[in-house]
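In what follows, a single structure is set out as structure tokens and then discussed.
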Amino acid sequence: MTRRFLGLIKALVLLACLIPLLHLLARANGLGDLGANPVQEILHTLGKTSLNLILITLIITPLRKETGLIWLVGLRRTLGLLCFCYVVFHALTYIALDQGFAWNSLFVDVTQRPYITLGFISLLLMVPLALTSTNSAQRRLGRRWAKLHRLIYLAAILGVLHFLLQAKIDISDPIFYSIVLLLLLGYRINTWLKSRQAIKNRGNS
Amino acid sequence: MLIKRPQDIKASEITPESTFRQRRMLLKTALAMGLIKTADLSAQEDLIPLNQKESGNREEPFPENGRLNNLKPWPSNVSSEPTSFEDVTGYNNYYEFGTSKTDPASNAHTLETHPWTVTVEGEAEKTGTFALEDIIKGHTLEERIYRFRCVEAWSMVVPWVGFPLGDLLKRFEPTSQAKYVQFFTLNDSDQMPGVRYPVLRWPYREGLTIEEAMHPLTLLTVGLYGQVLPNQNGAPLRLIVPWKYGFKSIKSIVRIRFMDEQPQTSWNMANAREYGFYSNVNPDKSHPRWSQATERVLGGNIFSARVPTMLFNGYAEEVASLYTNLNLMTNY
């Protein structure tokens, strides 16, 4: 795998991930439209894209292990950072466009509405991950880097719960996301159990 | 603009009796000559169930072109412009046709609204299955511009066409036992793809106290924007209860039941903590998961601000007296 090839793949992934955002911008500027409730349409599109990206980010490692395509891991950071960007845009849409910076009602929402509390915590958990995504931070943190970045699992769980708890009554979409997340987490739990078994077996022999 | 109540009418605005009589004479003559068509009051008196009618022929309840003409104007207190026809008919909650806002507009074409019947049962003297055309005949259709507030904290302004539900209910002669009225939506999986999924308990059902049902603001609705209801808006016959959250305004009504106890309602059955029987619009009573203090008015742009929600959706003056002995925070 050449460096140039990976660069090309990364650029393509970046472009593909920007499509939902560009599509929203196009619709907001008269190419198509955002429907009767444009703010909600933007809010939901950004939120849904965030969830899609966090799940795609989490699929990289299993995919790499199962296919042996080592270079896939090079996409993880790009995907993770794009996901973080969408989460930030989602939150900003809510704070600015939807709530119009009404800090009192925002405070009530974040502290009293469980789905917003969970979404907010999920966003906060992703901040240190984005800040430590550079090569130098990775080197500096050493083994602690991998430990810190396990927070992505919690952020993903809270994100999906945020989606589930805001659904009025039709939870078919959140259930689908929950199942995908459970499979991705299950893969890791299974790997972890196997490695523990292996260590135990080595100890016994 | 305020609703003009009788005591507000100035003496100068009252028609002198002689003029009034002259007008009546003119009207009578014109009527006799067949110059004007008006509500056939005699037809309103004998509401006969379909199975007791001599002729089996069904009439068209509405003009073929769907236009509803000669609508009586109504003094609305809504100052803002009505929401566009496109948004009123393109952004709907009608789960029988799917749970997304655009599903009803895409899927409701399969609803067959003619011939339509309404079955009346329970605590009333006149019960049975009635033809839609017989139910409508004799009632003067009014154009009423109402605010419409969804429990999901969005709202619109709609020029509905209909007549007071109470005027119809009286014709069934409810007994003294009739304390509540329950309504049911059509439940037909051939016409309604959404009822194949148990999102809610089908058929959709809603209910009002008899006082709420008889209140002059409660509108039995057959149209909007001067034409018959589009299917996605609950054709051919729906309720509009403007001081309650939208889900109380049941669509495509096929059954009305007079009851002596509080009826089951679909959203209450689905989640009693979140959706009460009354479900009056109340900015102080939050939905357990979101605030009801403000609402987003449909049809704005991305920079439009939310607006404060009003108690009883701005109809407190007319309806607050229905709830004087009720704690609105516990009876939501």
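When you scan the stretch B:256-264, do you find a residue that is assigned to a loop (DSSP other than H, G, I, E, B) and within 12 Å of chain A (Cβ to nearest Cβ), even just one?
No, the stretch B:256-264 contains no residue that is assigned to a loop (DSSP other than H, G, I, E, B) and within 12 Å of chain A (Cβ to nearest Cβ).
Conditions tested, residue by residue: (1) closer than 22 Å to residue A:109 by Cα; (2) at pLDDT 95 or above; (3) under 17 Å from the mean Cα position of the chain (by Cα).
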{"position": "A:157", "(1), (2), (3)": "yes, yes, yes"}
{"position": "A:165", "(1), (2), (3)": "yes, yes, no"}
{"position": "A:168", "(1), (2), (3)": "yes, no, no"}
{"position": "A:173", "(1), (2), (3)": "no, yes, yes"}
{"position": "A:176", "(1), (2), (3)": "no, yes, yes"}
{"position": "A:181", "(1), (2), (3)": "no, yes, yes"}
{"position": "A:185", "(1), (2), (3)": "no, yes, yes"}
{"position": "A:189", "(1), (2), (3)": "no, yes, no"}
{"position": "A:194", "(1), (2), (3)": "no, no, no"}
Looking at the stretch B:125-136, which of the residues that are in contact with a helix residue (DSSP H, G or I) (Cβ under 8 Å, 6 or more places away or on another chain) and not charged (D, E, K, R) is nearest to residue B:179 (Cα to Cα)? B:128
Could you list, in sequence order, all residues of the stretch B:88-140 that are within 13 Å of another protein chain (Cβ to nearest Cβ) and of a type in the set (Lys, Arg)? B:101
Identify the residue in the stretch B:119-142 that is assigned to a strand (DSSP E or B) and touching a Phe, Trp or Tyr at 6+ places or on another chain (Cβ under 6 Å) and, among all such residues, is nearest to residue B:222 (Cα to Cα). B:142
Filter the stretch A:25-67 down to the residues that are within 23 Å of residue A:175 (Cβ to Cβ), surrounded by fewer than 20 Cβ atoms within 10 Å (Cβ to Cβ) and in contact with a Gly (Cβ under 8 Å, 6 or more places away or on another chain) and list them by number. A:41
Of the residues in the stretch B:184-220, those that are buried (at least 22 other Cβ atoms within 10 Å of the Cβ) and over 21 Å from residue B:240 (Cα atoms) come to B:192
First in the stretch B:304-328 and farther than 15 Å from residue B:211 by Cα and away from chain A (no Cβ under 14 Å), second anywhere and part of a helix (DSSP H, G or I) and hydrophobic (A, V, I, L, M, F, W, C), Cβ under 7 Å, 6 or more apart: B:312/B:319; B:312/B:320
Can you tell me which residues in the stretch B:161-211 are in a helix (DSSP H, G or I), within 21 Å of residue B:103 (Cβ to Cβ) and either among the aliphatic types (A, V, I, L, M) or under 13 Å from the mean Cα position of the chain (by Cα) (or both)? B:195
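Which one is nearest to the other protein chains (Cβ to nearest Cβ), of the residues in the stretch A:1-50 that are within 23 Å of residue A:64 (Cα to Cα) and small (Gly, Ala, Ser)?
This residue is A:50.
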If residue A:30 meets every condition in (1) touching a helix residue (DSSP H, G or I) at 6+ places or on another chain (Cβ under 9 Å); (2) in a loop (DSSP other than H, G, I, E, B) apart from one, which number is that one? (1)
Only one of (1) closer than 19 Å to residue B:115 by Cα; (2) assigned to a loop (DSSP other than H, G, I, E, B) fails for residue B:232. Which number is that? (2)
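The values are calculated or read from the model by the stated rules, or taken from the named source; none is laboratory data. Predicted, not measured: the structure shown is a model, and the values here were computed from it. Don't worry about glycine lacking a Cβ; one is built from the backbone with ideal geometry, like all the others, and counts go over all protein chains shown.
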